[in-house]
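Student: One structure, pasted below without further comment.
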Amino acid sequence: MADAKSYDLIVIGSGPGGYVAAIRASQLGFKTAIVEREALGGICLNWGCIPTKALLRTSEVYHLMTHAKDFGLSVENPKIMVDKIVARSRAIAKQLSNGVAFLMKKHKIDVLEGTARLEKGSPAPRVVVDKGKGAGTYQARHVILATGARAREMPDAGLKADGKNIWTYREAMVPGELPKRLLVIGSGAIGIEFASFYRTLGSEVTVVEALDRILPVEDVEISAFMLRQLVKQGLKCLQSAQVKSLKVKSGEIAAEVVSKEGAQTLTVDKVILAIGIVGNVENLGLEALGVRVEKTHVVVDGFGRTGVPGLYAIGDLTGAPWLAHKAMHEGVVVVEALAGQTPAHPFDPWNVPGCTYSHPQVASLGLTEEKAKASGRKLKIGKFPYIGNGKAIALGETEGIVKTIFDAETGELLGAHMAGEGVTELIQGFAIARQGELTEAELMETIFPHPTLSEMMHESVLAAYGRPLHI
C-alpha cells in the first residue's frame, strides 16, 4: 500500500470526540487522518450543542425584553422573526465548523470526505471510504470510531419522525414558523431545552414523560423544583405517561396519551421526539470484525478498546453519558494511552458534569441524594436558595437552589446539584473540587468573590455543616 494512504491513526467521525482525538494525536507526533461524511464538527457543532445554545440565547433575550419593566426599561411590542433566529443559529454552526477545518489544517490532519466502513486488516482494520473526495482504502496502526449517535425513534409505537409534522432535534432547530401547539415527548435535557425555547417564544407546550418525574436523571429535589418552575411558565407536564399513537390529519396531529389519570387525546401542530438516542453502528462492518455491540452502543473498556486489535471507540457511540465533553476527554485518554503517556488513567464518568440549558438552567455532578443514601454512607447535605444571594436578586433571578452532598465521615464531596441562572457555568467549580479530591474543609476555606452567584456554592457547603451565613 502506498505511503500516502497509510497513517498512524485514522479517526472516523469529526464530532467533538473525533476532532479532539485527532488534534491530540497530531500533537503527539501521529500521522493522522479524520473521515467525515457530512460537516466537520459533527452533530454537536452543526445540529446539537452549539446551535441549540444560540436558539436558547434568543429565548433568553426575548424573556428579558418581555420583562423589561422589572428593570426600569420600556420595550414596546418585541417582534419574533423566526427566519432571523434560525439564520443566526445556522451561521454560528457554520462558523464553528469552519473553525474545525482550520484546526485540522493547522495540525496537518488529513480530512477524508466520505462514508467510512471497516474491513479486516493488520495491525488495525482497514478503512474504506466511499462516496466522497476522500474515497479510497487506507491502513493505519490505530483506528478510532467516533461516529456518534442519532435521535431514537419508535416506529412500532408510531413515534417516527416525518420531517414535517413529527420532528427530531434537526427539524426542531430550523422551524419555518413557531408552532402554536407543541408536544415534546421525553423530558431529558434535549426535550426540556426545546420545551423551554418554544414556550418562552409563545408556543403552547406539553411535555410527556414515561417515568414518574421530568429530568429523571437529576436529583429528585431538582426535578421537583424544575417541574414547579416550568408549570409556572405555562408548560404542561404529564409524568408517568406514554404516547400510544400519533395520527396526522389536515395539518394537525392527534396524540393519544395514556397516564394514571386515564387516556386523553391531545391535538397539536408539531411533535418533537426526544426519547433518547441510538448509536451510529450500522454499515461500519462491525459484525464481520466481531465488535461487541449492546443496545446500539459499542462496548469498550476505560481506554476505548473494543477487543479488536487496533480498533477503539469513543463518545456517544459508546453510551451514556451522551455529552460532548465526555467524548472529548475520552478521545484524549485513548490517544495518550496509544502514545504510551504515563500515567494514563482509564476513563471513568464519575466526574462528568451534566447541564441542561433551559430557563432555569440545571447542572449536576456525582451522586444524587438517593444514590448517595443507597451507597450506605452517612451524609451531610447543604442547600442554599437563590433568594439569599445578592447577585441573584440584582439579576432578577431569585428562583434557584444549590445543593451539595458530602460523606459525613470523610468530608468527600459526593455530589452537587443546581438549578437556576448560570449554574451551567458554576458547576465546573465543583468538578474541580472533586477532581482535586478536596474535602469540605478546603471548600469552606476557599474565598469566593462578592457579589457573585458562586457565593451560593460556598454557602451550600457551609450549610451542610450547620454554618451558613446568609440564611
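Student: For segment 200-334, what is one quarter of the convex hull surface built on the Cα atoms, given in nm²? Please report the intermediate quantities before stating the final value.
Tutor: Working: hull surface 47.2 nm².
Averaging across all directions leaves 11.8 nm² for the Cα convex hull.
Student: Calculate, for T265 and T342, the FRET efficiency according to 1/(1 + (r/R0)^6) with r their C-beta to C-beta distance and R0 56 Å; round to the nearest 0.05.
Tutor: Working: r = 62 Å, r/R0 = 1.10.
Efficiency for this residue pair is about 0.35.
Student: For T446 and V231 in the same chain, what is the full-extension length gain: residue separation times 0.36 nm, less their Cα-Cα distance, in nm?
Tutor: Working: separation 215, 0.36 × 215 = 77.40 nm, distance 3.70 nm.
Gain in length upon complete extension: 73.7 nm.
Student: Highest first, please rank the peptides 291-298, 201-208, 435-442 by the mean number of other Cβ atoms sitting within 10 Å of their residues.
Tutor: Working: 291-298: 16.2, 201-208: 21.4, 435-442: 13.9.
For the peptides 291-298, 201-208, 435-442, the packing ranking is 201-208, 291-298, 435-442.
Student: Length gain on complete extension for the stretch M65 to K180, per 0.36 nm per residue less the alpha carbon to alpha carbon distance? Mind dumping the intermediate values first?
Tutor: On the way: separation 115, 0.36 × 115 = 41.40 nm, distance 2.06 nm.
Using 0.36 nm per residue and subtracting the Cα-Cα distance, I get 39.3 nm.
Student: Using a 7 Å offset from Cα along Cα-Cβ at K371, what residues in segment 396-427 end up with backbone N under 12 Å from the label point?
Tutor: 414-417
Student: Can I ask one more? Pop a pseudo-label 7 angstrom from the Cα along the beta-carbon direction at both V217 and I387 and give the gap in nm to one decimal.
Tutor: 3.2 nm
Student: Let me have the 222 nm mean residue ellipticity of the chain computed from DSSP H runs of 4+ only, each contributing -39500 (n - 2.57), with the sum over all residues rounded to the nearest 500. Spell out each step's value before the answer.
Tutor: Working: 14 runs with 150 residues, N = 471.
That comes out to -9500 deg cm²/dmol.
Student: For an R0 of 25 angstrom, estimate the FRET efficiency from the Cβ-Cβ distance between H470 and K378 and round to the nearest 0.05.
Tutor: Working: r = 26 Å, r/R0 = 1.06.
Computed FRET efficiency for H470 and K378: 0.40.
Student: On full extension of the chain, what length is gained from E282 through K131, given 0.36 nm per residue of separation minus the C-alpha to C-alpha distance? Provide the component values of the computation, followed by the final result.
Tutor: On the way: separation 151, 0.36 × 151 = 54.36 nm, distance 1.63 nm.
Length gained, E282 through K131: 52.7 nm.
Student: List the relative contact order of segment 131-225 as a percent without decimals, with contacts defined as Cα pairs under 8 Å and 6+ residues apart. Please report the intermediate quantities before stating the final value.
Tutor: Values: 71 pairs, mean separation 17.6, N = 95.
Here the relative contact order equals 19 percent.
Student: Sorted by mean Cβ packing within 10 Å, highest first, what order do the peptides 108-118, 331-341 take?
Tutor: Values: 108-118: 19.0, 331-341: 20.8.
Going by the mean number of other Cβ atoms within 10 Å, highest first, we get 331-341, 108-118.
Student: Could you tell me the calculated FRET efficiency between A87 and T439, based on Cβ-Cβ distance and R0 = 41 angstrom, to the nearest 0.05?
Tutor: On the way: r = 49 Å, r/R0 = 1.21.
Step by step, r from the Cβ atoms, then E = 0.25.
Student: At what distance in nm do the modelled label points of V258 and E204 sit from each other, each positioned 7 Å from its Cα along Cα→Cβ?
Tutor: 2.5 nm
Student: Place +1 on the Cβ of every Lys and Arg and -1 on the Cβ of every Asp and Glu in segment 170-238, take the dipole about the Cα centre, and give the residue among G188, L178, S223 whose Cα lies farthest towards its positive end.
Tutor: L178
Student: For the chain, what relative contact order do you get, as a whole percent, if you take Cα pairs closer than 8 Å and at least 6 residues apart?
Tutor: For the chain, the relative contact order is 14 percent.
Student: What residues of segment 194-225 lie in the reach of a label at E76, counting those whose backbone N is under 15 Å from a point 7 Å from the Cα along Cα→Cβ?
Tutor: Hits in segment 194-225 for E76 at 15 Å: none.
Student: Here is a further query. Of all accessible surface on segment 15-98 at a 1.4 Å probe, what whole percent is carbon and sulfur?
Tutor: Working: 2420 of 4340 Å².
Answer for segment 15-98: carbon and sulfur cover 56 percent of the accessible area.
Student: Past 30 Å, Cα to Cα: identify those pairs from K236/K371; K84/K326; K270/K373; K180/K403; K232/K378, in the order given. Don't jump to the answer; show the numbers that get you there.
Tutor: Values: K236/K371 28 Å; K84/K326 32 Å; K270/K373 41 Å; K180/K403 36 Å; K232/K378 35 Å.
In this structure, K84/K326; K270/K373; K180/K403; K232/K378 lie more than 30 Å apart at Cα.
Student: Now a separate question. Any idea which of I253, V61, L273 is furthest toward the positive side of the dipole for the chain, if Lys and Arg beta-carbons carry +1 and Asp and Glu beta-carbons -1?
Tutor: The residue sitting farthest along the positive end of the dipole is I253.
Student: Also, I was wondering about something else. Would you work out the relative contact order for segment 170-252, in percent, from Cα pairs under 8 angstrom that are 6 or more residues apart? Mind showing how you got there, number by number?
Tutor: On the way: 107 pairs, mean separation 23.7, N = 83.
It rounds to 29 percent for segment 170-252.
Student: Explain nothing, just compute: Karplus ³J(HN,Hα) = 6.51 cos²θ - 1.76 cosθ + 1.60, θ = phi - 60°, for every residue of segment 170-183 in order, whole Hz, x for Gly and Pro.
Tutor: 4, 5, 5, 8, 10, x, x, 7, 6, x, 6, 10, 10, 10
Student: For segment 1-82, report the accessible area per residue in Å² (1.4 Å probe, heavy atoms, rounded to an integer). Intermediate results must be reported in sequence, preceding the final value.
Tutor: Numbers: 3890 Å² over 82 residues.
That works out to 47 Å² for each residue.
Student: Assigning unit charges at the beta carbon (Lys, Arg +1; Asp, Glu -1) and nothing else, what dipole magnitude in debye, to the nearest 20, does the chain show about its Cα centre?
Tutor: Numbers: 52 positive and 51 negative charges, 235 e Å.
That gives a dipole near 1120 debye.
Student: Quick check for me: using +1 on Lys/Arg Cβ and -1 on Asp/Glu Cβ, what's the dipole size of segment 340-401 about its Cα centre, in debye to the nearest 20? Mind showing how you got there, number by number?
Tutor: Numbers: 7 positive and 5 negative charges, 70 e Å.
For segment 340-401, the charge dipole is close to 340 debye.
The values are calculated or read from the model by the stated rules, or taken from the named source; none is laboratory data. Predicted model only: the values in this text are computed from it and were never measured. Neighbour counts are summed over all protein chains in view; Cβ atoms, including those assigned to glycine, are modelled from backbone coordinates with ideal geometry. Heads up: the accessible areas ignore ligands, DNA and RNA and are worked out on the full protein's heavy atoms, side chains in. Shrake-Rupley method; radii C 1.70, N 1.55, O 1.52, S 1.80 Å.
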